[in-house]
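Worksheet for the structure shown next.
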Amino acid sequence: MSDQANNKLGRREFLGAAAAAGFMIIKPQLVRGTAANSQLRFGILGCGGRATEEGTSFVKNAGARVTAIADLFPDQLQKGCQHFDALQQAMGYAPIDSSQLFKGPNAYKEIADSKEVDFILITTPPYFHTHHLETVVAAGKHVYCEKPVAVDVPSAHHVISIGEKAQGKLSLAVGFQIRNAPPMVELTKRIQNGALGKIGCGLAYYYCGHIDRPEWPNASPDEQRLRNWVWDHKLSGDIIVEQNIHVIDMCNWMLNGHPLKAVGMCDRKIRTDAGDCKDNFNVLFTYPENVQISFGSAQFGHPNFDAAVQFFGADGSSEAHYDWRVNIVGKNAWDAGLKPSGSQEFSAAGKFAGSLDLADSEKEKAFVASITSGQFLNQAALGAESAMSAMLGRNAAYSGKPLTWEELQKSKEVYDPKIDITKFA
Ligand SMILES: NC(=O)c1ccc[n+]([C@@H]2O[C@H](COP(=O)([O-])OP(=O)(O)OC[C@H]3O[C@@H](n4cnc5c(N)ncnc54)[C@H](O)[C@@H]3O)[C@@H](O)[C@H]2O)c1
């Protein structure tokens, strides 16, 4: 917990909130050079690109400390350990205790049961999220789970029930950091206050290049799939559920609802070199009040990256890009006042220049504050709703037939990558 938050709450209240939350107070021997008993300790489950980015930001911007890490693969664990030890030792903190390094197929259980963490950051591939989330909540730890929370409908429903178990006892955040980006927050407030008048229709799109991954020439086919899960539709949920979900979540947030119907097409004709994901989706989503959102995405080649949501209303229109363009034109014109600066390049780890610069840090600070204040966040239902919104588009596009929200809810299809991870012990 940051000093500022500690001051606001007062030590007595902080301890009371901690006791109510059931989380442990940090052990001085694991962390030194700080207000050792008032700082949140966290474990990282899945030490890849996003964990490095987001874990670093939690340390630098939200005053938390990494005290445990876990990964299926020892090399990833080692890389994570080196990164966080270097980062934290430079700040005067002790290295991660060797008893808190967990590897292999049971690493997720071991880190969930660790007595040295207050919350866990889940940054494993999407297929594992629901089970990892369930395990962490059952172990009584606060949790920040990356999106998507599920890759199929039964798992998304299960996430809602996991959220019910956490309700009022634990903070459960889902990685839609755009909802905390100040320019996006202001834009959404204005849209919801009627700045556009009656909204007729909109656009949501996500165009980015092929995601490069390292080659694993000596890995078995199953290991290759796990290492490069982002190309595998059973492990990732496909590009619309794994990646494009951010702009679908923005539509849900800004329009305050979820799509009721979708019809679409998708294809895999350019990125055929790896995996089995589609490389483009085109979907028409019908939101409440018959607001039609035309959604498009591609993930191949090396285009100029652009991801955005635009709405067209009777009194004005809005655009919200991942870069500096966040504005409203028309009767209630407004501009977030951002300027093109630095790199506008897409970052697979979720770091962007412009409108989203403060998204991660604001989200992390709010999550930490929700724990220390005892005002626990619960984004399980929201995470499941956005995951199912993306699945609605995916399943409609896979079949080429219209699909309603009610029909989607009846889906019994379970994504099973058919990989026995116990062999990676
Ligand atoms: N919110 C954002 O902006 C954002 C940005 C990037 C990625 N993400 C999300 O973060 C998650 C991770 O993405 P990434 O790019 O870091 O992937 P990554 O492949 O770089 O990292 C995943 C890590 O999980 C480990 N792992 C795989 N299976 C495991 C298991 N069963 N148990 C324990 N560890 C396991 C891998 O070895 C790897 O170290 C994904 O859900 C992705 O959608 C979110």
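When Val241 is tested against (1) of a type in the set (A, V, I, L, M, F, W, C); (2) closer than 30 Å to Asn332 by Cβ; (3) surrounded by 24 or more Cβ atoms within 10 Å (Cβ to Cβ), just one condition goes unmet, and that condition is (2). Among the residues making up region 197-238, those that are more than 9 Å from the ligand (Cβ to nearest atom) and among the aromatic types (Phe, Trp, Tyr) are Tyr205, Tyr206, Tyr207, Trp216, Trp231. Any residue at all in region 262-269 that is out of contact with any Leu (no Cβ under 9 Å at 6 or more places or on another chain) and open to solvent by less than 50 Å² (accessible area, probe 1.4 Å)? Within region 262-269 (the criterion being out of contact with any Leu (no Cβ under 9 Å at 6 or more places or on another chain) and open to solvent by less than 50 Å² (accessible area, probe 1.4 Å)), the answer is yes, since at least one residue qualifies.
When Gln224 is tested against the conditions (1) touching a helix residue (DSSP H, G or I) at 6+ places or on another chain (Cβ under 9 Å); (2) under 28 Å from Gly275 (Cβ atoms), the lone failure is (1). Total residues in region 370-425 satisfying the condition of being open to solvent by 60 Å² or more (accessible area, probe 1.4 Å) and within 16 Å of the ligand (Cβ to nearest atom): the figure is 6.
Selection of region 239-252 for residues being over 15 Å from the mean Cα position of the chain (by Cα) and within 15 Å of the ligand (Cβ to nearest atom) yields an empty set.
A search for C-beta distances below 7 Å between a residue of region 84-110 that is acidic (Asp, Glu) and any residue that is in a loop (DSSP other than H, G, I, E, B) and surrounded by fewer than 16 Cβ atoms within 10 Å (Cβ to Cβ), counting only pairs 6+ apart in sequence or on different chains, returns Asp85/Pro95. Taking Ile240 as the residue in question, decide whether it is farther than 21 Å from Arg213 by Cα and not in a strand (DSSP E or B). Spelling it out, it is not the case that Ile240 is farther than 21 Å from Arg213 by Cα and not in a strand (DSSP E or B). Quick check on my filter: what residues within region 309-328 are closer than 22 Å to Glu289 by Cα and out of contact with any Leu (no Cβ under 8 Å at 6 or more places or on another chain)? The one that is closer than 22 Å to Glu289 by Cα and out of contact with any Leu (no Cβ under 8 Å at 6 or more places or on another chain): Glu319. Pairing residues of region 29-48 that are under 15 Å from Cys145 (Cβ atoms) with residues that are modelled with pLDDT under 95 and more than 16 Å from the ligand (Cβ to nearest atom), at Cβ distances under 7 Å and at least 6 apart in sequence or on separate chains, gives no pairs at all.
The values are calculated or read from the model by the stated rules, or taken from the named source; none is laboratory data. Not measured: the values here are computed from a predicted model. Note that we place each Cβ from the backbone using ideal geometry, even for glycine, and neighbour counts take in every protein chain shown. The accessibility values were calculated without ligands, DNA or RNA, using every heavy atom of the protein model including side chains. Shrake-Rupley method; radii C 1.70, N 1.55, O 1.52, S 1.80 Å.
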